[in-house]
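> One structure, pasted below without further comment.
The values are calculated or read from the model by the stated rules, or taken from the named source; none is laboratory data. Everything quoted here is computed from the prediction, not taken from an experiment. Heads up, the Cβs are rebuilt from the backbone with ideal geometry, glycines too, and the neighbour counts pull from every protein chain shown.
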């Protein structure tokens, strides 16, 4: 299944602007501001998600919840999710 990330309903990125006349430049400046705001929002959201993920992994590790999935250690559990070693510990 191929997903076009620039044309998803959530994405506001992807609609380009041709710059020519002064009104086009104003639209381009507005679009530039919108894209920068989008980047700030996405960066903040990504940071929040990483913190929440770290909390969940810590709880799984601390309470040895990985055993419910048949793993002997948290490392094996995390390999299933393709986490890097630094993210696990």
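> Any residue in the stretch 52-64 that's in contact (Cβ under 8 Å) with a residue 24 or more places away in the chain: show its pairings with residues that are in a loop (DSSP other than H, G, I, E, B) at Cβ separation under 8 Å, as long as the two are six or more apart or on different chains.
Filtered contacts from the stretch 52-64: 57/83.
> Would you check if residue 10 is surrounded by 10 or more Cβ atoms within 10 Å (Cβ to Cβ) and either touching a helix residue (DSSP H, G or I) at 6+ places or on another chain (Cβ under 8 Å) or modelled with pLDDT under 95 (or both)?
no
> Examine the stretch 30-37 for a residue that is over 20 Å from the mean Cα position of the chain (by Cα) and surrounded by 12 or more Cβ atoms within 10 Å (Cβ to Cβ), and state whether such a residue exists.
Looking through the stretch 30-37, at least one residue is over 20 Å from the mean Cα position of the chain (by Cα) and surrounded by 12 or more Cβ atoms within 10 Å (Cβ to Cβ).
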